[in-house]
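Report on the structure given below.
The values are calculated or read from the model by the stated rules, or taken from the named source; none is laboratory data. All values derive from a computational prediction rather than experimental measurement. Quick reminder, even Gly has a Cβ in these numbers, built from the backbone with ideal geometry, and neighbours come from all protein chains shown.
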Amino acid sequence: MAHFDFAKLKDFAKMGFGKKVEDRIILKGMFHFRLYDADGNLKEEREVPNTITQLGDAWVADHLSDVGTALASHMAVGTATGGKSTASTTLQTEVARVALDSTTQGGGADDNDVIWVATFPAGTGTGALVEAAVLNNAAGGTMIVYTDYAVINKGAADSLVVTWTLTCGAS
């Protein structure tokens, strides 16, 4: 008589009959910006996917294990490309770093989204911007996510509002 393994049956039942088991820890992000002129008129709007850095992966793992790594606190923009490697730790040429306006978690079906918003006001981050990052410190720190993009020409009187969404898991 064959031995029946009730423990395996119990584990199978917990997964759900007929459900497909998938790895769910997938990180992906989207960089969305709105550029406004001095009068508050929308000049340009764009959305660009980003790169999750190796340090960003480790940062997420640290938070899952409660290691105590600093939370994301700042966003930076720069004027040089070429830092898109997942091993990158800084922007190629950072021209401005600002504190985040807000950090929220998406609600409802999007509760696996972390949403960071930052504003680069008039006179801050001026120039031909082509790269951006979210970091966990006012200077230095861990570059969590990075993106480069076609140039955003931010004039001295313009303001730039960036909404960066990091999605954890498949969706």
Next on the checklist: Cβ-Cβ under 6 Å, sequence separation 6+ or interchain: first residue in region 79-101 and buried (at least 16 other Cβ atoms within 10 Å of the Cβ), partner part of a loop (DSSP other than H, G, I, E, B) and at pLDDT 95 or above. Which pairs?
Outcome noted: VAL95/GLY125; ALA96/THR124; ALA96/GLY125
Checklist entry - Of all residues in region 129-171, which are hydrophobic (A, V, I, L, M, F, W, C), closer than 18 Å to THR90 by Cα and part of a strand (DSSP E or B)? => result LEU129, VAL130, ALA132, ALA133, VAL134, LEU135, MET143, ILE144, VAL145, TRP164
Next on the checklist: Whether any residue in region 59-70 is at negative phi, modelled with pLDDT of 65 or more and not basic (Lys, Arg) is what I want to check.
Outcome noted: yes
Next on the checklist: Can you find a residue that is surrounded by 15 or more Cβ atoms within 10 Å (Cβ to Cβ), modelled with pLDDT of 90 or more, in a strand (DSSP E or B) and not basic (Lys, Arg) anywhere in region 105-116?
Outcome noted: no
Checklist entry - Within region 124-139, restricting attention to residues that are in contact with a Ser or Thr (Cβ under 8 Å, 6 or more places away or on another chain) and surrounded by fewer than 19 Cβ atoms within 10 Å (Cβ to Cβ), which residue is modelled with the lowest pLDDT? => result ASN136
Checklist entry - Can you pull out the residues in region 140-151 that are surrounded by 18 or more Cβ atoms within 10 Å (Cβ to Cβ) and either among the aliphatic types (A, V, I, L, M) or touching a Gly at 6+ places or on another chain (Cβ under 8 Å) (or both)? => result THR142, MET143, ILE144, VAL145, TYR146, THR147, ASP148
Next on the checklist: Could you check region 153-171 and list, in sequence order, the residues that are at pLDDT below 95 and in contact with a Gly (Cβ under 9 Å, 6 or more places away or on another chain)?
Outcome noted: TRP164, THR165, LEU166, THR167
